Amino acid sequence: MIDTKNEIINKKELISLAIESSCDETAAAVLVNGRKVLSNIISTQIETHKKFGGVVPEVASRKHIENIDIVVDEALSEANITFDDLDFISVTYGPGLVGALLVGLSYAKALAFSLGVPLVGVNHIEGHLSANYIEHKDLEPPFLTLIVSGGHTNLVEVKNYCEYNILGGTRDDASGEAFDKISRALGLGYPGGPIIQKISEKGNNEAIDFPRAYLNEGYDFSFSGLKSSVLNYINNKKMKNEEIIVEDVAASFQEAVVDVLANKAIHAAKEKSYKTITLSGGVAANKRLREKLSELGKENNIDIKYPPIVLCTDNAAMIGCAGYYNYINGKRDNMKLNAVPNLKL
């Protein structure tokens, strides 16, 4: 077992297993030095939860229990290593669904204890922003990052590895949550993000002028007003027996969300003198958001980076990357580590 920071730095290769189970994906990954991914296995529960219109926590927890052994074994097999090759284990301990978190956390704690290797608890949000380190090998702090997912919308200054300053967050609905709610209102199903993106390609994003909450150009976000506006539009059309062009509603809603996210990120980068913005989280997979942010970045001489789609959604590789930087900075957790469903960055 490696105990000192100097010994960690002097070792050429650190092999770690990472485990993620914060919501409805059971995931395991094997990494070398935090940025080289040997395997990244994800077992999704989307089809299971579709019929409910969203994630059912108890169902998610049970599925994690069923899947975790299989996912970890596959991750080790694909990486061509055994448990004995591991130097440490990283695991998500929050934020997320408490039951789901406990499955992955309990597994990781038992494994670390039995192998006699260190355990590193990882903040799920930190995992998302770390996904860009895997894709962009030359990326180093400082930079600005926009984290957008089903439960989180944050603008964060990455001062150094494991050192952050949150500039702003959501005052109500997160962007991904808004996508899911509007998708449900339009009868499109779950998950809302990919569905709305696809149908928006057939719509006119200028058809309906939905509101943008810029909150006096500050760094916080608010999407509840936009959500209410879209719901009111739909209800008014129904009451008047008027046609609802779903594609136009979806495209106009998506454009309103993208405008706020992209413009706020550029505004913050300019005010704080950052030349690089990274995008991460599930909503970072949105094609229109990537396009808009890249367009504004080019206009303002700001480099925009984002990970591939597989690293946008919940996965264990991003947890392993964040865990590595926490590990070499001396973080260790004991068997008392517990799930923290409302953990902050």
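The values are calculated or read from the model by the stated rules, or taken from the named source; none is laboratory data. These numbers were taken from a predicted model, which means no experiment stands behind them. Neighbour counts run over all protein chains shown; Cβ positions are idealised from the backbone, glycine included.
Okay, here's what the table says:
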{"item": "Residue among Lys344, Lys336 that is under 15 Å from the mean Cα position of the chain (by Cα) and not assigned by TED's automatic domain parsing to the domain that holds Lys272", "result": "Lys344"}
{"item": "Hey, Ile319 on the phi < 0 side of the Ramachandran plot, at pLDDT 95 or above and in the same structural domain as Glu126 (by TED's automatic domain parsing) or not", "result": "yes"}
{"item": "Positions within region 105-120 being touching a Gly at 6+ places or on another chain (Cβ under 9 Å) and either closer than 16 Å to Cys23 by Cα or surrounded by fewer than 24 Cβ atoms within 10 Å (Cβ to Cβ) (or both), in sequence order", "result": "Leu105"}
{"item": "Set Lys270, Lys227: member being assigned to a helix (DSSP H, G or I), more than 16 Å from Ile147 (Cβ to Cβ) and in contact with an Asp or Glu (Cβ under 7 Å, 6 or more places away or on another chain)", "result": "Lys227"}
{"item": "Boolean, Glu20 is outside the structural domain of Gly151 (by TED's automatic domain parsing) and under 24 Å from the mean Cα position of the chain (by Cα)", "result": "yes"}
{"item": "From the options Lys298, Lys336, Lys331, residue that is touching a residue at least 24 places away in the same chain (Cβ under 8 Å) and surrounded by fewer than 19 Cβ atoms within 10 Å (Cβ to Cβ)", "result": "Lys331"}
{"item": "Hits in region 168-186 (condition: buried (at least 19 other Cβ atoms within 10 Å of the Cβ) and in a strand (DSSP E or B))", "result": "Thr170"}
{"item": "When residues of region 158-167 are limited to those that are assigned to a strand (DSSP E or B) and of a type in the set (A, V, I, L, M, F, W, C), the one farthest from Phe223 (Cα to Cα)", "result": "Val158"}
{"item": "Candidates Gly189, Gly151, filtered to the one that is at pLDDT below 95 and surrounded by fewer than 15 Cβ atoms within 10 Å (Cβ to Cβ)", "result": "Gly189"}
{"item": "Selected residue (only one of Leu155, Leu129 is within 21 Å of the chain's Cα centre (by Cα) and outside any helix (DSSP H, G or I))", "result": "Leu155"}
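This table checks each residue for (1) out of contact with any strand residue (DSSP E or B) (no Cβ under 6 Å at 6 or more places or on another chain); (2) surrounded by fewer than 17 Cβ atoms within 10 Å (Cβ to Cβ).
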position	(1), (2)
Ile19	no, no
Cys23	yes, no
Val32	no, no
Lys50	yes, yes
Val56	yes, no
Ala60	yes, no
Asn67	no, no
Ala75	no, no
Asn80	yes, yes
